[in-house]
1. Can you name every residue in the range 82-113 that is within 13 Å of the chain's Cα centre (by Cα), in a loop (DSSP other than H, G, I, E, B) and of a type in the set (Gly, Ala, Ser)?
2. Can you say whether Ala160 is within 20 Å of Pro231 (Cα to Cα) and out of contact with any Phe, Trp or Tyr (no Cβ under 9 Å at 6 or more places or on another chain), as far as the supplied structure shows?
3. Considering only residues that are more than 22 Å from Gln40 (Cβ to Cβ) and in a helix (DSSP H, G or I), which ones fall in the range 181-233?
4. Kindly indicate which of Lys197, Lys225 is among the basic types (Lys, Arg) and farther than 21 Å from Ser130 by Cα.
5. Testing Asp66 on (1) surrounded by fewer than 20 Cβ atoms within 10 Å (Cβ to Cβ); (2) modelled with pLDDT under 95, one condition comes back false. Which one is that?
Amino acid sequence: MNYLLEVCLTIALATGIMPSLVAQSNPDAVAMMRKGISVQMPVTRTAMPMPDADKEDATVVIITEDGSVYLGLNPTDADAVAGSVRDALTSHPNKKVYIKADARAPYSQVLLVLAALRAAGVEAPSLLTSQPHTTASGTLLPPEGLEVLVDPRRSLSSPAIVQLSQQRSVLKVNGEPVLRASLQNRLAQFFQNRSDKIVQIEADGSLSFAVVVDVIDGCRAAGAKVVLATPTL
């Protein structure tokens, strides 16, 4: 992350406003997602194409800016997500589940949805995001996102623990304070001579979703798989 973005993130953490991590860098690019509930997804740089998220039968859980939850176009709540998703996956146990959350949504609500998905047997949901692509006006972009793990048992080794709190721009990696701008280098040092690169993120629920996704993005840039610590339902 460059200096300007680091300053923006610091201000955002202090004010709760996330201008640089929320808005798409190219507003003329059109996300190739089927019609649904509108949200402003956070911007990431390490996302992978996820064209299946655009299929009619895709299982997409949506979280709006105010924390409202939808399964597809149908309003629901975090408590009901587990049963609904479990039913949807009964005949397709390997089907992917996608979370389309607003960058400004409280992470506490995202955590509840992640916990519900874990209870439904979903071990690796995908977080749909926007990308800083430079494209011609009106260009259709396929859905992209970040796969995360919600079951710590999927880790094959002791993970690096990254903690995010309301202490603004300073993170903790294995209990030691680290600036967000130094996260990738710190993780690279931790992962030297390790075959399994796993990061477990523990984030304060009062943070915005964009702040957490930005750290996930940084961990993935270091070549790590990301486990999100979730409450047990």
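1. Once the filter is applied, which keeps residues that are within 13 Å of the chain's Cα centre (by Cα), in a loop (DSSP other than H, G, I, E, B) and of a type in the set (Gly, Ala, Ser), the range 82-113 yields Ala103, Ala105.
2. Working: within 20 Å of Pro231 (Cα to Cα): yes; out of contact with any Phe, Trp or Tyr (no Cβ under 9 Å at 6 or more places or on another chain): no.
The answer is no for Ala160.
3. Those that are more than 22 Å from Gln40 (Cβ to Cβ) and in a helix (DSSP H, G or I): Ala181, Ser182, Leu183, Gln184, Asn185, Arg186, Leu187, Ala188, Gln189, Phe190, Cys219, Ala221.
4. Values: Lys225 fails: farther than 21 Å from Ser130 by Cα.
When all the criteria are applied, what remains is Lys197.
5. Failed condition: (2).
So that you can scan it fast, the table gives a plain yes or no per residue for (1) within 19 Å of Gly145 (Cα to Cα); (2) touching a Gly at 6+ places or on another chain (Cβ under 9 Å):
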residue: Gly175; (1), (2): no, no
residue: Arg180; (1), (2): no, yes
residue: Leu187; (1), (2): no, yes
residue: Val213; (1), (2): yes, no
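The values are calculated or read from the model by the stated rules, or taken from the named source; none is laboratory data. All of these numbers come straight from a predicted model, not from anything done at the bench. So basically every Cβ, Gly included, is an ideal-geometry build from the backbone, and we count neighbours across all protein chains shown.
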